[in-house]
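> Please see the structure below; I have some questions.
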Amino acid sequence: DKVAIVTGGARGIGEAIAATLAREGAKVVIGDLLEAEAGETVERIRQAGGTADFLRTDVSSRKEMEALVAAAIRQHGRVDILVNNAGALGIGKLLETTDDLWDRMLAINLRSAFYGCQIVARHMVERKIQGKIINISSQNGLIVRENEAAYSVAKAGVIALTRCLAVELAPHHINVNTIAPG
């Protein structure tokens, strides 16, 4: 009976996380840009007996992340779980990385996690919710792969963000972890 937000929940790892949370009884709200795929994911969850909704969300926008959290609270009364899964891979050698690619990797992969964590954690602290925040990073945040510098830096930032928040939010009984697939 928990309420969970999953960013990037339309497909892939995010879809699997959303479906698993719903199967375990959570009410899931998916934030993603992929409207058609998210709609299909929501429909599959509902057909399996779960509760799921979708809000088109650009996770790199604080305003849209605030709207996603507000929609989940309006619909279900609270947020117990946040999974910051949305991400994008950017390929390029560091010496050839453009400002646009660098900014895009940080916005989608790191800033979005910061927004989600900050917005949801404030809600959890205010309402004394013993919540869970899960940030999906990547093996690239731990090891270096050629031609993925901007992506790797952003995913390493997600790991550092998680560590900082885990310490800061522990007194509020909010658990913050990173998963680094790869």
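> Which one, 42, 158, 144, has the greatest fluctuation when you compute a Gaussian network model over the chain with C-alpha springs under 10 angstrom?
144
> Using θ = phi - 60° and the Karplus form 6.51 cos²θ - 1.76 cosθ + 1.60, what ³J(HN,Hα) does each residue of region 171-176 get, whole Hz, x for Gly and Pro?
My calculation for region 171-176 gives x, 9, 6, 10, 8, 10 Hz in order.
> Among all lysine pairs in region 53-182 that are eight or more places apart or on different chains, how many have alpha carbons less than 25 angstrom apart?
Total qualifying Lys-Lys pairs in region 53-182 comes to 5.
> So, with a 1.4 angstrom probe, what is the percent of accessible area on region 1-40 that is carbon and sulfur?
Carbon and sulfur: 54 percent of the exposed surface of region 1-40.
> Could I ask something else about it? Could you give the length gained on full extension between residue 101 and residue 13, defined as 0.36 nm per residue of separation minus the Cα-Cα distance, in nm? Before the final figure, lay out the partial values.
On the way: separation 88, 0.36 × 88 = 31.68 nm, distance 2.32 nm.
Result: 29.4 nm gained on full extension.
> Right, something else. So how do 66, 168 rank on accessible area, 1.4 Å probe, biggest first, that is with the largest at the start?
168, 66
> Amide H neighbours of residue 54 under 5 Å, counting only residues 5+ apart in sequence or on other chains, H built in-plane at 1.01 Å?
30
> Would you mind estimating how fast the chain diffuses translationally, via Stokes-Einstein at 25 °C and 0.890 mPa s with the Kirkwood radius over Cα pairs, in µm²/s?
D = 151 µm²/s.
> Find the accessible area per residue for region 47-87; the probe is 1.4 Å, ligands and nucleic acids are left out, and the unit is Å².
Result: 46 Å² of accessible area for each residue.
> Additional query: Treat every Asp and Glu Cβ in the chain as -1 and every Lys and Arg Cβ as +1, leave all other atoms uncharged, and give the resulting dipole magnitude about the Cα centre to the nearest 20 debye.
620 debye
> Of 73, 42, 129, which is farthest on the positive side of the dipole of the chain, counting Cα position, with +1 on Lys and Arg Cβ, -1 on Asp and Glu Cβ, and the Cα centre as origin?
Final value for the positive-end residue is 129.
The values are calculated or read from the model by the stated rules, or taken from the named source; none is laboratory data. No experiment lies behind these values; they were computed from the predicted model shown. No Cβ is skipped: glycine too gets one built from the backbone with ideal geometry, and neighbour counts run over all protein chains shown. When the accessible area is computed, the model is the full protein with side chains, heavy atoms only, and any ligands, DNA or RNA have been set aside. Shrake-Rupley method; radii C 1.70, N 1.55, O 1.52, S 1.80 Å.
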